[in-house]
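The values are calculated or read from the model by the stated rules, or taken from the named source; none is laboratory data. Predicted model only: the values in this text are computed from it and were never measured. All Cβ positions, even for glycine, are placed from backbone atoms using ideal geometry, and neighbour counts span all protein chains on display.
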Amino acid sequence: MKSTGFPRHSDTSSVKTDFEGLDFAFASDHAILVHVAPRLRGRIEIPRLVNGLNVKAVNGFAFARASVESVSLPDTLELLGSYAFLECHNLHDVHIEASALETVGADPFAGCKALRELRVSGRLSFGALMLSLAHHNVRYIYEDGNGRIGDYRLTVQAISE
């Protein structure tokens, strides 16, 4: 198993701090979004700094079953955990400032039936993220920072023999 460079839960401080419905754990040099309160609705912007530390990770299942409709993730994010947005039935668009994003866990948008648009600024490897999006007929918009924009519709087609 590849190490992500992020501490196990036991390696973070045991204190989680609530920032308007966002719970973070803290390592010595970064913050990790561990949970989003189900009561949060509408547009959510994850801050790039919490308590003076860069937010570098969104834990797996962090947004699971939250009622958010739109999410913006910061350019400091390095890891998007598995099933991070599991069954967020109201989520329709996500914006990722992906200049630092290196690791995307398994199917981060599983069960997000309303998801229609993913906008990515910066570099991002496709892998599991794109496979996850293809199941939702999601519009993928890519901005590379040099004025180039790609606009794709990702769909799954059955292959018959």
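Points to keep in mind about this one:
- Subset of the stretch 67-95 that is assigned to a strand (DSSP E or B) and polar (S, T, N, Q) - its residue that is farthest from the chain's Cα centre (by Cα): S67
- The residues listed here are D144, D93; of these, the one that is charged (D, E, K, R) and at pLDDT 85 or above is D93.
- First in the stretch 14-36 and over 16 Å from L73 (Cβ atoms), second anywhere and of a type in the set (D, E) and at pLDDT 90 or above, Cβ under 9 Å, 6 or more apart: K16/D23; T17/D23
- Given (1) farther than 22 Å from G122 by Cα; (2) of a type outside the set (V, I, T); (3) surrounded by fewer than 17 Cβ atoms within 10 Å (Cβ to Cβ), index of the condition F63 fails: (3)
- Within the stretch 96-112, the presence of a residue that is at pLDDT below 70 and either surrounded by fewer than 19 Cβ atoms within 10 Å (Cβ to Cβ) or in a strand (DSSP E or B) (or both) is excluded.
- Scanning the stretch 40-59 turns up no residue that is closer than 15 Å to C112 by Cα, of a type in the set (G, A, S), modelled with pLDDT of 95 or more and crowded, with 17+ Cβ neighbours inside 10 Å.
- Every pair of residues 6+ apart whose Cβ atoms lie under 7 Å, when the first sits in the stretch 105-122 and is on the phi > 0 side of the Ramachandran plot and in contact (Cβ under 8 Å) with a residue 12 or more places away in the chain while the second is surrounded by 17 or more Cβ atoms within 10 Å (Cβ to Cβ) and among the acidic types (D, E): G122/E97
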